[in-house]
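Here's the structure we're looking at; comments come further down.
The values are calculated or read from the model by the stated rules, or taken from the named source; none is laboratory data. Quantities reported herein were computed from a predicted structural model and do not represent experimental measurements. Neighbour counts run over all protein chains shown; Cβ positions are idealised from the backbone, glycine included. Just so you know, the surface numbers come from the protein's heavy atoms only, side chains and all, with ligands and any DNA or RNA stripped out. Shrake-Rupley method; radii C 1.70, N 1.55, O 1.52, S 1.80 Å.
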Amino acid sequence: MSFGAPVDYFHRIMAASVSGQEQERSKEAFFCPQQTDAVKAYEYLEKYSPTNNGDDPQKRDKAKNEYEESPSKRRMVQWRGNYVSEREAKALQHVFDDMKDHFGHHRSNPDVSVILTGLTHPGGRERTWEGDLDFIYNIRGERCKLAYIGMEICIDLIPKLVNKRDGRPLLRDYGKTWVYAYLPEITMHKVKSYVRAGTGWEISDEGIIEDPNRNLVAIEARMHDGLRQPKPSFWVTENDDATSFNDSSSFSRIGSVQSVQKDTDQQQIHRGIGFFSVSMEIDGSSSKVKPIRGAKGVDDDATLIFTLTSFSTWGVTDSIAPIVYGASLYY
């Protein structure tokens, strides 16, 4: 399966690498293997688990205070009609309004770090644990935490045929609860390298459709349906002559991604900046024991889940052939 190369959009992509972070251990690490007390051993694993970024908890708490405000000192302000803390508003404006530090060829090395906000089990007998990622932005010397990142992508709003294979529907609820997002392979590698550096977990390719001939990937971007969480917003540039990203561009909201996808005039591939919340799924040894990287029965790789919360576009492109499942493949 392949899709066409976006010659007019991604030709300026430049490869860049991010070195892994060295994780320090206290002298306690040398004595833990000799501990006979199971409780002490468990406490050690909790303290130095990669799910805690693999560092000293005292150092981590000190760093955490750099970007988290005390509730007593928190000043609430308005951002897009919602009351948020002043520091969060600064991060929201930095990412969503000014479109700074997103992943793409306009910013080869975003000034952002990644942390994993714990792991929880959703219940049941499955081995999969879940955790949300937070992103720490350095905004004029101040570290601000936010649950979102931006990436230069193309989203596919072209309707898909619903076919069946072995009795299972394919492309079900396309445009309602998920869409394809296309991006350069190097951009996805960069995102994965930041996550790996911040959490200690390797990132699998599960859920990523690769096209090595075009150096592109497609991800299944989830979308909220509006029942418990708001639907993702769709913003268009007010500059009709815009052909590329510009920090100072002005955008207007025209509805949700779902409502725009129903408009036949908009059923095309749109290019722009997608804003996502990101979570991780890790298969542990059981539903009772929190997974620790390298432990017996724990998968080496984690899976990234992208949820589209907003999309700002400056136009459409005809340089990418959309993914289409043909009925002839299955019948």
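Take the Cβ-Cβ distance between K288 and N138 as r, set R0 to 45 Å, and report the resulting FRET efficiency rounded to the nearest 0.05. Working from the Cβ atoms, E equals 0.70.
Using the Cβ atoms and a cut-off under 13 Å, what net charge is assigned to the surroundings of G123, where Lys and Arg are +1 and Asp and Glu are -1? Don't skip to the end; give the middle numbers.
Details: positive: R125, R127, K288; negative: E126, E130.
For residues surrounding G123, the net value is +1.
Values of log10 I(q)/I(0) for region 106-160 across q = 0.17, 0.22, 0.24, 0.26 Å⁻¹ run -0.78, -0.89, -0.95, -1.02, by the Debye formula with one identical scatterer at each alpha carbon and no solvent. The calculated FRET efficiency for R125 paired with H189, based on their beta-carbon distance and R0 = 35 Å, is about 0.50.
Accessible area of E210 (1.4 Å probe, protein heavy atoms only, ligands and nucleic acids ignored): about 80 Å².
If you sort the three axes of the alpha carbon gyration tensor as a ≥ b ≥ c, you get a/c of 1.5 or more for region 71-125 and a/b no higher than b/c, which makes it oblate.
Averaging over all projection directions, find the projected area of the Cα convex hull of region 215-316 and quote it in nm² with one decimal place.
Values: hull surface 39.1 nm².
Projected area, direction-averaged: 9.8 nm².
Checking the table K190/K288; K100/K160; K90/K190; K90/K192 against a 27 Å threshold on Cα-Cα, which pairs fail? Table pairs above 27 Å Cα-Cα are K190/K288; K100/K160. Packing here is the average count of other Cβ atoms within 10 Å per residue, and on that basis the peptides 184-194, 255-265, 269-279, highest first, run 269-279, 184-194, 255-265. If you take every residue apart from V260 with its C-beta less than 13 Å away from the C-beta of V260, what net charge results, scoring Lys and Arg +1 and Asp and Glu -1? Residues close to V260 contribute a combined charge of +1. Over the Cα atoms of region 127-242, each weighted equally, I'd like the Debye log10 I(q)/I(0) at q = 0.14, 0.19 Å⁻¹, rounded to two decimals. Each listed q maps to, in turn, -0.86, -1.42.
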